[in-house]
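Please read the structure below before turning to the comments.
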Amino acid sequence: MERRTDETAYRTPVNECLFKVARDCILADEYYQSKTRAIAEKADINVAMIEYQFRSNQELSEAVIARTLQPL
């Protein structure tokens, strides 16, 4: 199964919550200190879901940063 790379691939209710929590964690703890497990716990999801969707904390953080800067 091939992963979708367009923006709509990330527009699910769980991912909307995940993006919000990840953005808040990055802003509060800075990029290099935000941990996948902490983000999953705050979003009330399993860490495996983050790893399935984004493969790594870095990929999640890059997606959050890109999405946040997109309106600019």
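Listed here are the residues, each with its yes/no results for (1) modelled with pLDDT of 85 or more; (2) hydrophobic (A, V, I, L, M, F, W, C).
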site	(1), (2)
Glu2	no, no
Ala9	no, yes
Asp29	no, no
Lys35	no, no
Ala40	yes, yes
Ala43	yes, yes
Arg55	no, no
Pro71	no, no
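Please verify whether Ala48 is farther than 15 Å from Phe19 by Cβ and either among the aliphatic types (A, V, I, L, M) or crowded, with 16+ Cβ neighbours inside 10 Å (or both), treating the condition exactly as stated.
It is true that Ala48 is farther than 15 Å from Phe19 by Cβ and either among the aliphatic types (A, V, I, L, M) or crowded, with 16+ Cβ neighbours inside 10 Å (or both).
The values are calculated or read from the model by the stated rules, or taken from the named source; none is laboratory data. In this text the structure is predicted, and so the values were computed from the model without any measurement. Cβ coordinates were reconstructed from backbone atoms using ideal geometry, including for glycine residues, and neighbour counts include every protein chain displayed.
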